[in-house]
Amino acid sequence: MRLFPSEPVFTGLVVKMLSIVFVGMLAGCDVDMADTSDSAPFRRGVHSLLPPADGERLATGVVEPEKDEQPIEFNHAIHAGSVEDGGMGMECQYCHSNARRSPAAGVPATQVCWNCHKMVDSTDRPALEKLAEYCGASPGMPDCTNDEPIPWNRVHDLPDFVAFNHAAHIRLNEDGEQQVACQECHGEMQTKGVAERESTLLMGWCLNCHKTHPAVNDRYGANAELRRAELKDCYTCHK
């Protein structure tokens, strides 16, 4: 003798009961489901999963290049550009040293900038004069006297529900090369001036990279396809 109805019938009863409860809840609320005003609690239309930004960018990425105003117009081309093109050929990780060992790439402390620029004449060079002001120092002084960091505006800023680990992406392969070059996500910054957003940084863009990037084959070999399947798991990026 069965104490409960068969599974399909039982499932149907549960769905009907939940529907009745839901309709009853709505009936007890003074809500106009057709209301499209901004004040409506259940406004129809296209909705975003992001909370209201109140004027602040939550940074989901943009398709077209976009520049943010920075306290100092840092010129990437001068620092990271090739020597043949008039640059100094600095590696990205000289300034963004946290990228190879932590999730965030980070920005250099003011003292790191001053270690080089204390030996450079800043006369009639507005950017260097601003650096000296932020540092609270002057040419010839070995250390900054101001511990307050430069208030850079973040250029690549993912939402809090996205977990991106720089160290996992740029670790070196057997040939001593980065598995994923910084330029693949950030663009050819060694040819740019002030940093700008060029990649979309949207989920589909990341998933497509996980699906096709040769670094997965190089690192996982025969298990590459298994790893690609794991990389599609939601928990990989939404921990």
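What follows is calculated from the coordinates using simple rules that are stated; it is not laboratory data. Computed from a predicted model, the values in this text were never measured in an experiment. Cβ: placed from backbone, ideal geometry, glycine included. Neighbour counts: every protein chain shown.
How much FRET efficiency would the formula 1/(1 + (r/R0)^6) give for residue 202 and residue 145, where r is the Cβ-Cβ distance and R0 is 30 Å, rounded to 0.05? Present the calculation step by step, with values, prior to reporting the outcome.
Values: r = 43 Å, r/R0 = 1.44.
The pair residue 202/residue 145 has a calculated efficiency of 0.10.
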Kindly write out, for the stretch 145-158 in residue order, the coupling ³J(HN,Hα) from the Karplus curve 6.51 cos²θ - 1.76 cosθ + 1.60 (θ = phi - 60°), rounded to whole Hz, with x marking Gly and Pro.
9, 10, 8, 6, x, 5, x, 5, 8, 5, 8, 9, 9, 7
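If I take R0 = 30 Å and measure r between the Cβ atoms of residue 123 and residue 91 in this structure, what FRET efficiency does the formula 1/(1 + (r/R0)^6) give, to the nearest 0.05? Kindly include the intermediate steps, with their values, before the conclusion.
Numbers: r = 29 Å, r/R0 = 0.96.
Result of the calculation: an efficiency of 0.55.
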At a 10 angstrom cut-off on C-beta neighbours, averaged per residue, how do the peptides 77-89, 183-195 rank from highest to lowest?
183-195, 77-89
Would you please classify the overall shape of the stretch 87-145 from the alpha carbon gyration tensor, given that a ≥ b ≥ c denote the square roots of the eigenvalues, rounded means a/c under 1.5, and beyond that prolate means a/b larger than b/c while oblate covers the rest?
prolate
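Highest first, please rank the peptides 109-118, 165-174, 145-154 by the mean number of other Cβ atoms sitting within 10 Å of their residues. Can you show the working numbers first?
Values: 109-118: 16.9, 165-174: 14.5, 145-154: 12.0.
With the highest mean Cβ count within 10 Å placed first, the list reads 109-118, 165-174, 145-154.
How much length is gained if the chain between residue 232 and residue 156 is pulled fully straight, taking 0.36 nm per residue apart and subtracting their Cα-Cα distance, in nm to one decimal? Don't jump to the answer; show the numbers that get you there.
Working: separation 76, 0.36 × 76 = 27.36 nm, distance 2.23 nm.
Gain in length upon complete extension: 25.1 nm.
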